[in-house]
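First comes the structure, then the notes that go with it.
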Amino acid sequence: MNTPHQTTIFTTAISQHVWDTKYRWRDEDTVYDHSIQDTWRRIARALASVESTRKAHWEEQFYQALSGFKFLPAGRIMAGAGTQRHVTLFYCFVMGIVEDSMDGIFDSLKEGALTMQQGGGVGYDFSTLRPHGTFAHATGGIASGPVSFMRIWNAMCATLLSTGYRRGAMMATLRCDHPDIEEFIQAKQSSGELNHFNLSVQVLDEFMQAVHDNADWALVFPATELSASPPSNIDTVMRHWPGQPEPVACQVVKRIKARDLWQQLMRATYDYAEPGVLFIDRVNQLNNLWYCESISATNPCGEIPLPPYGACDLGSINLTQFVHNAFEENATLDIQGIEHTAQVAVRMLDNVIDVSGFPLPHQAKRQHSNRRIGLGITGLADTLMMLGLNYGETKARNAAAAIMKTICHCAYRTSIELAREKSRFALLDTDKYLQGQFIKTLPNDIRQGIAEYGIRNSHVTAIAPTGTISLLANNVSSGLEPVYDFQFTRNILEMDGQYQEHRVADYAYRLWQNRGGEHSLPSYFVTAQNLSPQAHLQMQAALQPYVDNSISKTINIPQDYPFEAFREVYEIAYKQGLKGCTTFRPNPTRGSILKNDQADMAPHCCNLEREAD
């Protein structure tokens, strides 16, 4: 039963439905959360429970941040905090190095199954598995290659789903110099193949240079893994390889034209929306923990590049709740309110690490040693419209960058204060940390604060795809994405396992209509379909300097967009300093959970039940 206050909080039926089916605490017929306020109070009390002093004060601060959907913790936090269920509050993990042996492979599979059983998505780098057709000298057999073993993971995920576990996402990455990279690129082009995986290619700077130069490109694998006693005259190159502390001699298995491989990757992405591209050297160069981590995979949606056993601890500030005088000449953004919410949110996300259980001891050890969090934003596109700004124009990008800059710097200052109050993260080497490329871009007072007091969290910002929690918050626009469309139909998975269509309308659009807005919308009301791919890229690039983890962004591509122009999107993304790039071009053979009168434009990375919130 709804109280009058409850009814005013939920202004759309789908929002209440999302709360009721995904985030409301119930145990079979016993309902514990009788209202959304009960959910907020449960989360606030759980996260405040690890405070050593002033628990009641922090519980109230946390509750106020949650109320009115100002701060939206990731869905696993909302669904699990304070319920006493045996679940993790972290939605996604990057798993450990997959050892190239039967024992190692199936140990990794078991770890993945245990993690997904508790609601965690998983990311893997399969580059450590020897290429298809090579000799397995330990057993005398022939290796079947990483893609074949990925099928076992895919079957494991399908089995867990069939037993009623929450739909979890999986990410698989492979190096662009692995001998099986061409098979990997084509792996999802058959219907139903690896359908529980998102795929991304680890693209090296050296490869991008080879593409530019139209040079040959060596596909390689560590020589000692291909042969117990490699002959001295084999063709080798030195490469950094996952699981190896120093560069190792890699045997050249094959040489191809770099542009030919790039063409294959671009064509697959153009036609099938996968694989995505991960600029892995840039990820490691900009990693705050460059001195003690090597990253080769991300969470399933790409906004958190993580070391082995790393975890996602995410939350988003709902910018729409800080707009005053929406659509008026004097419309403004409450920057002080955003700063205060960011301060409280950082503390909440830091406490998640101490409240949550972990599926595996290695995950707990990793997260407690770096205390990585990812505070981001949602509702950006709606907020820009409420301020009278066009998402595709420079003024809007500048405003968005200023918002993210404020959140980033506020988050760092808060983390420094938490280090003073509690302790710094265990892996902090202050001198090396301050030499990090991202840290060098921060204001002097932040770097001086780190030098004097340390910092509580190794990383503090990320921008995630917030589809489900944005629906909960009365369907504000998702993450930094433009509005998909002002009205559309969305398929939602019901508690009985069946999909049902829900008609939904965008938050800012409804607000405009409710205030007596005319039928013809102002020019600043733009949708994803109205924007060029370059406009998408420019917004992502505008915010990247203030995001120390990464950004999940789907660049919508018109169906009739020329292939050569499409290729340039990825090359521009690389030149603009992005850490990765994901596009979606409508394809009649691909399904969609979003329907309207125009072409389907669902994000490539995941559907509503698999996104990182």
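The values are calculated or read from the model by the stated rules, or taken from the named source; none is laboratory data. Just so we're clear, the structure is a prediction, and the values are computed from it rather than from any experiment. Here the Cβ is made from the backbone with ideal geometry for all residues, glycine too, and neighbour counts use every protein chain on show.
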ask   = Which one of Ser52, Ser15, Ser35 is of a type in the set (Ser, Thr, Tyr) and over 23 Å from Thr466 (Cβ atoms)?
value = Ser52
task = Could you pull out the residue among Arg456, Arg413 that is assigned to a helix (DSSP H, G or I) and buried (at least 19 other Cβ atoms within 10 Å of the Cβ)?
result = Arg413
Among (1) surrounded by fewer than 23 Cβ atoms within 10 Å (Cβ to Cβ); (2) over 22 Å from the mean Cα position of the chain (by Cα), the one test that Leu384 misses = (1)
key: the range 476-497, subset at pLDDT 95 or above and among the polar types (S, T, N, Q), residue farthest from the chain's Cα centre (by Cα)   = Ser477
task = Return a yes/no flag: does the range 161-170 have any residue that is closer than 28 Å to Cys301 by Cβ, surrounded by 23 or more Cβ atoms within 10 Å (Cβ to Cβ) and not aliphatic (A, V, I, L, M).
result = yes
Residues of the range 16-55 satisfying the condition of being farther than 11 Å from Ala79 by Cα, of a type outside the set (A, V, I, L, M, F, W, C) and in a helix (DSSP H, G or I) = Gln16, His17, Gln37, Asp38, Arg41, Arg45, Lys55
task = Spot the failing condition for Gly337; the list is (1) under 30 Å from Asn514 (Cβ atoms); (2) not polar (S, T, N, Q); (3) not in a helix (DSSP H, G or I), and only one is missed.
result = (3)
ask   = If a residue has to be touching a residue at least 60 places away in the same chain (Cβ under 8 Å), part of a loop (DSSP other than H, G, I, E, B) and either among the charged types (D, E, K, R) or over 30 Å from Ala401 (Cβ atoms) (or both) to count, how many in the range 498-520 make the cut?
value = 2
query = Of these, Tyr91, Tyr63, which one is touching a helix residue (DSSP H, G or I) at 6+ places or on another chain (Cβ under 8 Å), within 24 Å of Thr461 (Cα to Cα) and free of Cβ contacts under 8 Å to residues at least 24 places away in the same chain?
reply = Tyr63
key: the range 56-88: number of residues that are assigned to a helix (DSSP H, G or I) and in contact with a Pro (Cβ under 8 Å, 6 or more places away or on another chain)   = 1
Within the range 6-61, tally of residues that are modelled with pLDDT of 95 or more and at positive phi = 1
inquiry  = Against the definition (in a loop (DSSP other than H, G, I, E, B), closer than 24 Å to Gln186 by Cβ and not acidic (Asp, Glu)), how does Pro230 come out, yes or no?
reply    = no
ask   = Can you tell me which of Ile181, Ile256 is surrounded by fewer than 22 Cβ atoms within 10 Å (Cβ to Cβ) and among the β-branched types (Val, Ile, Thr)?
value = Ile256
remark   = Within the range 428-453, of all residues that are of a type outside the set (Phe, Trp, Tyr), in contact (Cβ under 8 Å) with a residue 40 or more places away in the chain and crowded, with 18+ Cβ neighbours inside 10 Å, the one nearest to Thr406 (Cα to Cα) is Ile439
task = With the checklist (1) among the acidic types (Asp, Glu); (2) out of contact with any Phe, Trp or Tyr (no Cβ under 9 Å at 6 or more places or on another chain); (3) over 22 Å from Cys312 (Cα atoms); (4) surrounded by 14 or more Cβ atoms within 10 Å (Cβ to Cβ) in hand, flag the one item Glu494 doesn't pass.
result = (4)
inquiry  = Here is a list: Phe566, Phe488. Which entry is in a strand (DSSP E or B) and surrounded by 14 or more Cβ atoms within 10 Å (Cβ to Cβ)?
reply    = Phe488
key: Any hit, the range 537-558, residues being of a type in the set (D, E, K, R), closer than 19 Å to Leu380 by Cα, in contact with a helix residue (DSSP H, G or I) (Cβ under 6 Å, 6 or more places away or on another chain) and at pLDDT 55 or above   = yes
ask   = Looking at the range 197-250, which of its residues are of a type in the set (Asp, Glu) and farther than 23 Å from Trp262 by Cβ?
value = Glu225, Glu246
ask   = Across the range 243-290, what is the number of residues that are part of a loop (DSSP other than H, G, I, E, B), farther than 22 Å from Asn370 by Cβ and under 23 Å from the mean Cα position of the chain (by Cα)?
value = 3
request  = Please indicate, with yes or no, whether at least one residue in the range 3-21 is out of contact with any Pro (no Cβ under 6 Å at 6 or more places or on another chain), aliphatic (A, V, I, L, M) and without any contact (Cβ under 8 Å) to a residue 24 or more places away in the chain.
outcome  = no
ask   = Which number in (1) at positive phi; (2) modelled with pLDDT of 95 or more; (3) buried (at least 21 other Cβ atoms within 10 Å of the Cβ) marks the one condition that Gly302 misses?
value = (2)
ask   = Can you name every residue in the range 569-588 that is part of a loop (DSSP other than H, G, I, E, B) and touching a residue at least 40 places away in the same chain (Cβ under 8 Å)?
value = Gly577, Leu578, Lys579, Arg585, Asn587
